[in-house]
Amino acid sequence: KRANRTKAFNSGKGNLYMKSQKTGNRFLALLLSLCMMLSMLPISGITAFAAEEETVISADTTWTAETISGNIRIESGATVTIKGTITVSGAVSITGGGTIARDAGSYFKIGDTASLTVNGITVDGRNESSSSSMFTVNGGTLNLKDSAVQNCVKSTTEGGAINMAGGTLTIENSTIKD
């Protein structure tokens, strides 16, 4: 059958079937050459971005003495009640329009390599007396943006809202009261 097919395309100007096969081979060779050249580029010149996952909290919930990480959004109308020490691991962002409420003795612990950004959240200490500040920063970073920290009472001398034992504190368009 192939011989018949070749004859069918054979005209006085040459074999068209053979010409199209040669053109296909040239295109494939060019494509492979391009791939080989691109593979020789340094990998450091290529940047890949992974989508950050976000934990969304839309109903009242409780965090009990746990470690948090990543991006967390507390939606408006939802309240996260903290019980015990909430340890911040890595870079953590808590955003949304919801509320974080303190149970007796609860606080956020932000260590040397940790960073906590609170944006658009109301942090309510509920006038619960505690031996720790709502945020205890030990060399890490705390960023408060467009948030309110209120009703934080501490039974010792360091202050109810924030205790800085080294590290960085940034407060932008936020309120700390009571």
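The values are calculated or read from the model by the stated rules, or taken from the named source; none is laboratory data. For clarity, every value in this text was computed on a predicted model and none was experimentally measured. Counting neighbours? That spans all protein chains shown, and the Cβs are built from the backbone with ideal geometry, glycine included. Note: areas computed on protein heavy atoms with side chains; ligands, DNA, RNA excluded. Shrake-Rupley method; radii C 1.70, N 1.55, O 1.52, S 1.80 Å.
Accessible area per residue for region 97-146 in Å², computed with a 1.4 Å probe and the full protein assembly in place, what is it?
Each residue of region 97-146 exposes 33 Å² on average to a 1.4 Å probe.
Can you tell me which of 70-76, 166-172 comes out highest on packing, and rank the rest after it, using the mean Cβ neighbours within 10 Å?
Working: 70-76: 16.4, 166-172: 12.6.
Packing proxy ranking, top to bottom: 70-76, 166-172.
Calculated FRET efficiency, SER89 and ASN173, Cβ-Cβ r, R0 22 Å, to nearest 0.05? Don't skip to the end; give the middle numbers.
Details: r = 27 Å, r/R0 = 1.21.
For R0 = 22 Å, the calculated efficiency reads 0.25.
Could you pull out every residue, at least 5 positions away or on a different chain, whose amide H is within less than 5 Å of the one on ASP60? Hs are placed 1.01 Å off N in the peptide plane, and Pro or chain starts have none.
Close amide H contacts, sequence-distant or interchain: THR79.
Less than 19 Å apart at the alpha-carbon level, and either on another chain or at least 8 residues along: which aspartates and glutamates does that give for LYS145?
Within reach: GLU54, GLU75, ASP124, GLU172, ASP178.
Whose amide H sits under 5 Å from the amide H of GLY139, counting only residues 5 or more places off or on another chain, with H placed in the peptide plane?
Residues meeting the criterion, in which the H sits 1.01 Å from N, are ALA165, GLY166, GLY167.
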